[in-house]
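Trainee: One structure follows; several queries about it will come next.
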Amino acid sequence: MTDLDQFRSETRAWLEANCPPEMRKPVVNDDDVFWGGRNTRFASEAQKVWFERMRDKGWTVPDWPTQYGGGGLDPAQAKVLREEMAAISARPPLSSFGIWMLGPALLKYGTEAQKAEHLPKITAGLIRWCQGYSEPNAGSDLASLQTRAESDGDDFIITGQKIWTSYANYADWIFCLVRTDAAAKKHDGISFILFDMTSKGVSTKPILLISGKSPFCETFFDGVRVPKSHVVGTVNRGWDVAKYLLQHERAMISGLGDRSAGRPLGQIAADSIGADDQGRLDDAMLRSQIAAFEVDEAALASAAERAVDLAKAGQGHPAFSSAMKYYGTELNKRRHEILMSAGGIDALEWESDRSRGGLRPRAWLRTKANSIEGGTSEVMLGIVAKRILDLPGA
Amino acid sequence: MPLVLTEEQSMLRDSARGFITDKAPVSHLRQLRDSGDADGFSRELWKAFADMGFTGLLVPEQFGGSGLGCVEAGVVMEEIGRTLMPSPFLSTAVLAASALSRGGNEAQKSAHLPRIADGSMLAAFAIDEGTKHRPLHTSLQATRAGNGFKLNGAKALVTDGHVADLLVVVARSAGSAGDRKGLTLFLVDPKAKGVAIERTVMVDAHNAARIAFDNVEVTADGVLGEVDDGAGLLDNILNIGRGAVASEMVGLSEEVFGRTVSYLKERKQFGKLIGEFQALQHRAAQLYIDIEITRAAVLKALQALDADIDNAGTAVAVAKARAGTTATLAVQEGVQMHGGMGMTDQFDIGFFMKRARVCQELLGDSNFHAGQLARAKGY
Ligand SMILES: Cc1cc2nc3c(=O)[nH]c(=O)nc-3n(C[C@H](O)[C@H](O)[C@H](O)COP(=O)(O)OP(=O)(O)OC[C@H]3O[C@@H](n4cnc5c(N)ncnc54)[C@H](O)[C@@H]3O)c2cc1C
């Protein structure tokens, strides 16, 4: 038995012994997700137990160094753990912007002091982060952001407005892009800075989504005082950090949608529409749409696996996460269009208990943001054209 | 017949548009939704619709209507689609009026049609039962009892079923699910014993109900058309309804498209109007072409319904299939091109996306109608 085989069998046994049965069911709504943070509550005892066991093993973030509360797994081991968790449909014990976005940026650009302060609180689920990038006039053109940070001794004084800040009203800290040099070219005067959302001068105002939920906000900064030591990377070089973080965000978003978990889409459709006497979904057109979808979904899963392996082998293209983000999000939107079609009349109900409060249509509407958040599909295609294909004028 | 509106039809369009955009802009629907209105539409506006003659468009003149056709009904539906005005027009003035005027005997017509025309009666058409629209799979049972029938079963997505004064119910009186033979239409009083109506709050904030029938007694007078031979009548009623919903989707698509093009001319990123980006220009141009093609197909179907309804089936299938895919594309592009703004409830565009989804499902989605076309062509 190789070491990796050994690791796999130990991992399987550990998961079997430690993952509560309730945590092996597909995530249905936001309550099923544990986000951590100062004001967090566990939705259930099982969620708490599962989180604590995984945290103690360092497996809330398996591939971060153990000194920060990670699992210290190498990429091959981390992949084995992912596979074994997927095999029993284990839910992630902790979801957070700290894990997906800030952590990788801090590991690359942070000072030792910054890493030591923030990473352990991320792995332990103590601090919940939000992302202060977009502004009313800086969406796709993020680099034109206007939130000002003015120097005042050892501090910056931050004034301006962010928008679409997901979960800003629940977050403890924000990683934020601010303009530290108004005279420089737009990419050259930006800094990446961290601060506490309870700082004086920070306020948030929730925005209602078309799904009827309100997971994002307008976020206002009115003279917020932040120590200069909270800048990650070099002052005025924040764009490098921002872009690096976006690569991770995009890779994460491309994987949205419960790929391996749960029943195959065609069977979900057959549950509601019925099957003919040979067991085929009793809607020939929908059946072929689902089959075509599943072909693409399986292929994308391979591409996602390969992207990780290529990166590990040093052969990845840094902009490839944009390609994956484009394809993964368009696919997830297709998945939910199919689910709506399969749900037919039943999937149009918005409030009834029967529809679990309109779970399916609300989820469908939420996916429409997948090709907008983290950079739109159009921006992703532009990046591929420019950075990978090197097309003229792109 | 030229595939353009006549002068009279254009005038009808102008008056419908003037009234609807003035009295029932999207904010009207929003307000009804947010206040949790018990009816989900405005009775006052319905009265005004009646005064303008819209409720009786498809009612023959001798019963107090104007005896116009599907093209005219489509003209009004298209305007409804532009502002998403919730109104019983489809359920009452299109589906029920068609059912009564085409299937009713003199007594039934004179009892109900004048009241539809003058706006004093609301009616709903109860067809769907399962997850999808499958008229021939109707299995709500009508069993003979005395000189009449007893109804047992349940209906879903009954548009305006929660406010109807009269239900037109499609039931199976013989044969089994899937058979063309054995379908009968009934007129049922929603207050009759054994009828249980549950209003369902819908994704699009429009109005529908689930209705259960538990040993509901209907006398022979309640039979609309022929016993066991209702399929032909049903096809015609459904096709008229499909033409109407397709028209609503054309209006909806055009409105979303118009709003999106305006946004492309307003929103700036990278120092340019986003409408300057060729990637978006081409998609807007494609959508324009898509809508124009669908508009033609829908008008063709409406004219076919008026000219020779028994042979309009394939034209209607083409129209409803196209209208569904076009509206879906229009709302998807609409949200996407508005970026984060398109995802907010505060912005109207999401209302269009939700309504388009319901219209797609109503009376058969694009897949259903493409399948109908295939069957009609013999493959
Ligand atoms: C649900 C959700 C959650 C979000 N969470 C966060 C968050 O936590 N933090 C945060 O900072 N931001 C967040 N965002 C914001 C998101 O990153 C922006 O919405 C996105 O970058 C697009 O910006 P915009 O909304 O201003 O659209 P715009 O940039 O105005 O785009 C409008 C349209 O124009 C297109 N377009 C723009 N430029 C071009 C071009 N050059 N070529 C072709 N087409 C172009 C776009 O693709 C889009 O279709 C979130 C957004 C959503 C919807």
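Trainee: Do we find a residue being at pLDDT 95 or above and within 14 Å of the ligand (Cβ to nearest atom) anywhere in region A:114-129?
Mentor: Taking every residue of region A:114-129 in turn, at least one turns out to be at pLDDT 95 or above and within 14 Å of the ligand (Cβ to nearest atom).
Trainee: OK, next. Among the residues of region A:133-157, which ones are farther than 20 Å from B:LEU273 by Cα and either touching an Asp or Glu at 6+ places or on another chain (Cβ under 8 Å) or within 14 Å of another protein chain (Cβ to nearest Cβ) (or both)?
Mentor: If the condition is that a residue be farther than 20 Å from B:LEU273 by Cα and either touching an Asp or Glu at 6+ places or on another chain (Cβ under 8 Å) or within 14 Å of another protein chain (Cβ to nearest Cβ) (or both), then A:TYR133, A:THR147, A:PHE156, A:ILE157 are the ones that fit.
Trainee: For region A:348-363, give me each residue that is more than 8 Å from chain B (Cβ to nearest Cβ), more than 14 Å from the ligand (Cβ to nearest atom) and in a helix (DSSP H, G or I).
Mentor: A:LEU359, A:ARG360
Trainee: Could you pull out the residue among B:VAL358, B:VAL335 that is within 19 Å of B:GLY81 (Cβ to Cβ), touching a residue at least 40 places away in the same chain (Cβ under 8 Å) and crowded, with 19+ Cβ neighbours inside 10 Å?
Mentor: Only one candidate qualifies: B:VAL358.
Trainee: Additional query: Considering every residue within region B:305-322, establish whether at least one is within 16 Å of the ligand (Cβ to nearest atom) and surrounded by fewer than 23 Cβ atoms within 10 Å (Cβ to Cβ).
Mentor: For region B:305-322, residues within 16 Å of the ligand (Cβ to nearest atom) and surrounded by fewer than 23 Cβ atoms within 10 Å (Cβ to Cβ): absent.
Trainee: Are there any pairs, at least 6 apart or on different chains, whose C-beta atoms fall under 9 Å, with the first in region A:158-184 and within 15 Å of A:TRP129 (Cα to Cα) and the second surrounded by fewer than 17 Cβ atoms within 10 Å (Cβ to Cβ) and among the small types (Gly, Ala, Ser), and if so, which?
Mentor: Listed pairs, sorted by first residue: A:ASN169/A:SER214.
Trainee: Here is a check on your reading of the model: is A:ALA292 within 14 Å of chain B (Cβ to nearest Cβ), at pLDDT 90 or above and loosely packed, with under 14 Cβ neighbours inside 10 Å?
Mentor: yes
Trainee: Hey, another quick one. Please determine whether any residue of region B:270-281 is in contact (Cβ under 8 Å) with a residue 60 or more places away in the chain and under 25 Å from A:SER144 (Cβ atoms).
Mentor: There is at least one residue in region B:270-281 that is in contact (Cβ under 8 Å) with a residue 60 or more places away in the chain and under 25 Å from A:SER144 (Cβ atoms).
Trainee: Additional query: Of the residues B:ALA145, B:ALA96, B:ALA73, B:ALA117, only one is crowded, with 17+ Cβ neighbours inside 10 Å, aliphatic (A, V, I, L, M), in contact (Cβ under 8 Å) with a residue 24 or more places away in the chain and touching a strand residue (DSSP E or B) at 6+ places or on another chain (Cβ under 9 Å); which?
Mentor: Exactly one residue qualifies, and that residue is B:ALA96.
Trainee: Ok, one more. From A:SER229, A:SER191, A:SER272, A:SER203, grab the single residue that is away from chain B (no Cβ under 13 Å), more than 13 Å from the ligand (Cβ to nearest atom) and outside any strand (DSSP E or B).
Mentor: One residue alone meets the criteria, A:SER229.
Trainee: Anything in region A:109-131 that is in contact with a Leu (Cβ under 9 Å, 6 or more places away or on another chain) and either within 14 Å of chain B (Cβ to nearest Cβ) or surrounded by fewer than 16 Cβ atoms within 10 Å (Cβ to Cβ) (or both)? List them, or say none.
Mentor: A:GLN131
Trainee: Among the residues of region A:130-159 satisfying the criterion of being more than 12 Å from the ligand (Cβ to nearest atom) and part of a loop (DSSP other than H, G, I, E, B), which is farthest from the chain's Cα centre (by Cα)?
Mentor: Applying the filter and picking the extreme gives A:GLY153.
Trainee: A further question follows. When region B:1-27 is examined, which residues are found to be under 15 Å from B:PRO88 (Cβ atoms) and assigned to a helix (DSSP H, G or I)?
Mentor: If the condition is that a residue be under 15 Å from B:PRO88 (Cβ atoms) and assigned to a helix (DSSP H, G or I), then B:ILE20 is the only one that fits.
Trainee: Inspect all residues belonging to region B:339-351 and state whether any of them is assigned to a helix (DSSP H, G or I), facing another protein chain (nearest Cβ under 10 Å) and more than 14 Å from the ligand (Cβ to nearest atom).
Mentor: Yes, some residue in region B:339-351 is assigned to a helix (DSSP H, G or I), facing another protein chain (nearest Cβ under 10 Å) and more than 14 Å from the ligand (Cβ to nearest atom).
Trainee: Confirm whether B:GLN372 is within 16 Å of the ligand (Cβ to nearest atom), of a type in the set (S, T, N, Q) and at pLDDT 95 or above.
Mentor: So B:GLN372 does not fit the description; no.
Trainee: Can you name the residue in region A:160-175 that is among the small types (Gly, Ala, Ser) and within 14 Å of another protein chain (Cβ to nearest Cβ) and is also nearest to the ligand (Cβ to nearest atom) among such residues?
Mentor: Of everything passing the filter in region A:160-175, A:SER166 is nearest to the ligand (Cβ to nearest atom).
Trainee: Now for a different question. Could you please let me know if A:SER95 is part of a loop (DSSP other than H, G, I, E, B), in contact with a Ser or Thr (Cβ under 7 Å, 6 or more places away or on another chain) and within 16 Å of the ligand (Cβ to nearest atom)?
Mentor: No; evaluated as a whole, the condition is false for this residue.
Trainee: Taking A:VAL178 as the residue in question, decide whether it is touching a helix residue (DSSP H, G or I) at 6+ places or on another chain (Cβ under 8 Å) and either modelled with pLDDT of 95 or more or within 14 Å of chain B (Cβ to nearest Cβ) (or both).
Mentor: yes
The values are calculated or read from the model by the stated rules, or taken from the named source; none is laboratory data. The shown structure was predicted, so the numbers you read here are calculated from the model rather than taken from an experiment. We place every Cβ from the backbone using ideal geometry, glycine too, and count neighbours over all the protein chains shown.
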